[in-house]
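Only one structure is covered here, and it is reproduced in the block below.
The values are calculated or read from the model by the stated rules, or taken from the named source; none is laboratory data. Computed from a predicted structure; not experimentally measured. Because the Cβ atoms are built from the backbone with ideal geometry, glycine has one as well, and the counts that use them run over all protein chains shown. Note: accessible area is taken over every heavy atom of the protein model, side chains too, but ligands, DNA and RNA are not part of it. Shrake-Rupley method; radii C 1.70, N 1.55, O 1.52, S 1.80 Å.
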Amino acid sequence: MDLHTAIQIEKSIQNTDKLSGADYLEQLSRIEEKFRIWKNKNFLQRVSIFRKLPELSRNHGDNLSEWVLSEMGIIVDNSEIG
């Protein structure tokens with residue numbers, strides 16, 4: 001998922017306050033697919049991605065931080081113990 005898509009999802013989530021069950025399952029499915037892609041990358045491919053993180057953090061740190069925190073909030077709010 002690129003940053004633009006993440007921001008659009010965040011805006012839609014803020015507008016609805018809570019995800020419906022179907023939206024939550026759809027996001028969970030996307031997360032599982034992204035993890036499957038990550039799991040299948042070799043070491044050098046992963047290193048390449050991690051080398052991009054400092055630049056992304058410098059240029060988009062506030063947006064990335066807000067997005068990560070909001071995603072964690074969604075997971076906690078929709079968890080069985082949340």
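Within the set GLU71, GLU33, the sole residue that is modelled with pLDDT under 85, under 16 Å from the mean Cα position of the chain (by Cα) and surrounded by 10 or more Cβ atoms within 10 Å (Cβ to Cβ) turns out to be GLU71.
Exactly one residue among SER12, SER57 is modelled with pLDDT of 70 or more, more than 10 Å from the chain's Cα centre (by Cα) and either in a helix (DSSP H, G or I) or of a type in the set (Gly, Ala, Ser) (or both), and that residue is SER57. Within region 19-30, the only residue that satisfies the criterion of being outside any helix (DSSP H, G or I) and either β-branched (Val, Ile, Thr) or surrounded by 11 or more Cβ atoms within 10 Å (Cβ to Cβ) (or both) is LEU19.
For region 36-52, filtering for residues that are in a helix (DSSP H, G or I) and open to solvent by 80 Å² or more (accessible area, probe 1.4 Å) leaves 8.
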